[in-house]
Structures are given as structure tokens and as C-alpha cells.
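Below: one structure, written as C-alpha cells.
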Amino acid sequence: MQSITSLPDLLSLYRSDARVARVADGLREKSARVQIAGTIGSSQALIANAVIEQRGGVHVFVLTDREEAAYFLNDLEALRVEEVKKRGGEEAGTGAAGRKGEAPELFFYPAPSRSPYDPEGHHDGERVSRTEVLEVLMKVNAGAHSEKRENGEKATGRSSISPLSPPSPFSPLLIITYPEALVPLVIGKEEMAKNTLTVKRHEELPIDTLQEWLQETGFTRVEFVYEPGQFSIRGGIVDVFSYGSDKPYRIELYGDTVESVRRFDPQDQLTVEFLAEAVIVPDLQDEDAARQQAFFAQLPEDTVLWLCDLQAIGDAAKKQLKLLTEAYERLPDKDKHPIPDELLATDTELIKGTLGFRKVFWTSGLGPRATGSTEHEPEARSPQPGAELI
């Protein structure tokens, strides 16, 4: 029996386990449903990490609540740190600079911290985290459409003011969330692409054009940026705090040419990292309800959903609708606000939104196994059940 004396030993054990390969193999089929049973503690993160190393792609983990999601995120972060150490200190999660075997990009998708009817709702502390996830999904979708065009396949229509550089196809993207975070509607993919500006090094971009776009999309000019939605101009230097980034961008222009793009710390003004491009996302939370959609509609078609309890998502939708309806009824000026149904996805919409995706269910019982699909989805061939616990 293999001796386990360190985390690398444990990771190696999971990588080489035939049952992990069986789970990864079960996810090859479109609309596959795989069940993994009997896991406790950090074993779920270890299994997921080993499967994702073999499969890559986009994975969305829906945990039971925020606390469990945070613990799971911490487990995956610890495994990613170990992957970086193994590679001799390489940076992980750089997206476009990725290559096969690179540690995954991790994102947390939380529920809004304020009610949409709160007059101070624009100060929602979770808005940047949510927008950051939508931004990276926009890049992934743009990359998928580019790949289809290169392969001669017909790509579905989407508008963009400039091409986006997607994360590497070999760099897995992991999104950790929980049911309450999935209920609020989000800006549609096409609308987000149309209202997002990508600024690239060495491209031509007159500073007047950039300033006009920022003002038209709701950014406020200030002397120094310190929160999302602000920009400043000093000579040929433009600082922009995008809603899709936890740090502001500094764009330096030489004449009408973008000389450099970087992210910096607004506290000490020091550079955090140099970039090839900056994706500037305005506040898109208050867009017309008719142009919004459920979170699952943002996901690439080959995404894998990891679920603890599918019904919990529907229950969260019912609960939030009840609470928001009560808040709406207390408003003194209801006619100035959208009704709750225009702000939240219904339980039916959310459950239907998961159809068609590959799924992994954490279940009780014995052994990880791959099973057929429910009657609502096309049946997928899968490995034979009956494996022991991982």
C-alpha cells in the first residue's frame, strides 16, 4: 500500500486511482450524469481536482450554502498552491498565458449583499465578484465562438466592440457558488459583450474616445479612483476602476496609441501586474429586465455542473421571491421599481437551465458511479456502476 506522508502523495494517489478515471470518462458524453457517493470533508475537492486535471474545461460547483462554498473554495485554493509549487513557482490562473496542466483559475460567485430595492444597493460589496465571473465567462464564450469559426462551423450571433482574448483552452475555469447566488437575473451575454470595452496594448485609442465611452456608460470622473465606477485622467494616463476587477486599471497612452496597461493598488498607487489588455465593464446590474437572463444561460455548452442538491436551487428561488415580494410591498413608490418577477429567476427556470449540461452529483451511498440521465434529459452512456469509495 502506498505510504501517504504529504499532500503531494495524496494528490498522486487520487490522480492514479482508476475510479477517478472512471468519473472523468463518464463525463465524455453530452448530458452525462455522474454520481459520486460516500465522500466527506476535503475528499470532494481532491476528487474534483483529480477529475479536472484529466478533463479541463469549465466547472461550476453549487454547494449547499455560502459557508460550505467558502470551505470548498479554500480547499481548492490549497490544492492550486500545491500545483504551483510543483511547477517551481509558476503563476496560476493567468488565462491567456496558460498551457496544458496549468493550475485552474478559481472564482467565487456570491449572492448580492444588498436588496435591489435598497437605495444604497449600488454599494453592494459582492457586485465586483459577480461581475468578474460574468466577464470571464464572456471571454470563454468569445473563445468558443472563435474556435467554431476557425473550424468552419456556424457561430451563433453575438456583438462585441472588439475581439476578446479568451483564457487558454488548457487552463480549467472553476466557479464556486451556492443556490442563493444563482437566483438573481444577470445581464445577458450579448448585452454584456456590447457594453464592454477591451483596451489592448499598441492599439489606437484616442483619449477623447475613451473618455466619451466611460461617461456614456456611467463612470464618474474623479481626481483619484478608489471604487468601481470611477475614472481619472492626468495627461496621457487614464485610471479606470472596472466593475469586473478588484483593482483599477492604469492605461498609459502615447498620442493615440496605448503604450501600457497595468493593474495597480489604489492605496499606494503601486503596480500589481502588467497586462496585455484591460477589459472594462460598467455597472450592468440595473439594465432593462427584458435583456437579463438566468446565470446558467451564461455558461458554455460543455460546462460541467457539480451539484449537491438540485432541488435546493429551486427552493432558494421560491424563498428569495417571497422575501423580495415582501420588500417590494413595503416600498412607498412601487411604480418606480421593477417587480420582483423581473429581477429573479423562477424555480422552474433555474431547474430547466441546468438541462443539457454534464452533471456530477454528490450523493449518499456507496461508491462513485456514473448513471443514466433522468427522463427529462437525453440518456448518456456511462461506465458500469459499483466502484468502491474513493
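Global dimensions of the range 1-51 from alpha-carbon coordinates: Rg and Dmax equal 12.0, 38 Å. What pairs in K189/K336; K189/K318; K200/K359; K139/K319; K194/K336; K322/K352 have C-alpha atoms more than 30 Å from each other? As for pairs spanning more than 30 Å Cα to Cα, those are K200/K359; K139/K319. Extending 7 Å from the Cα toward the beta-carbon at both R114 and E301 defines two label points whose distance is 4.0 nm. Whole-Hz Karplus values for the range 313-326 come out as 5, x, 5, 5, 5, 5, 5, 5, 5, 4, 5, 6, 5, 5 Hz, taken residue by residue from phi with 6.51 cos²θ - 1.76 cosθ + 1.60 and θ = phi - 60°; glycine and proline positions read x. Give the average over all directions of the projected area of the C-alpha convex hull of the range 40-80, one decimal, in nm². Projected area, direction-averaged: 2.9 nm². Just the Kirkwood number for the range 176-220, please: inverse of mean 1/r across all distinct Cα pairs, in Å, one decimal. The answer is 13.4 Å.
Every number in this text was worked out from the coordinates using simple rules, so none of it is lab data. Keep in mind it's a predicted model, so treat the numbers as computed, not measured. Neighbour counts run over all protein chains shown; Cβ positions are idealised from the backbone, glycine included.
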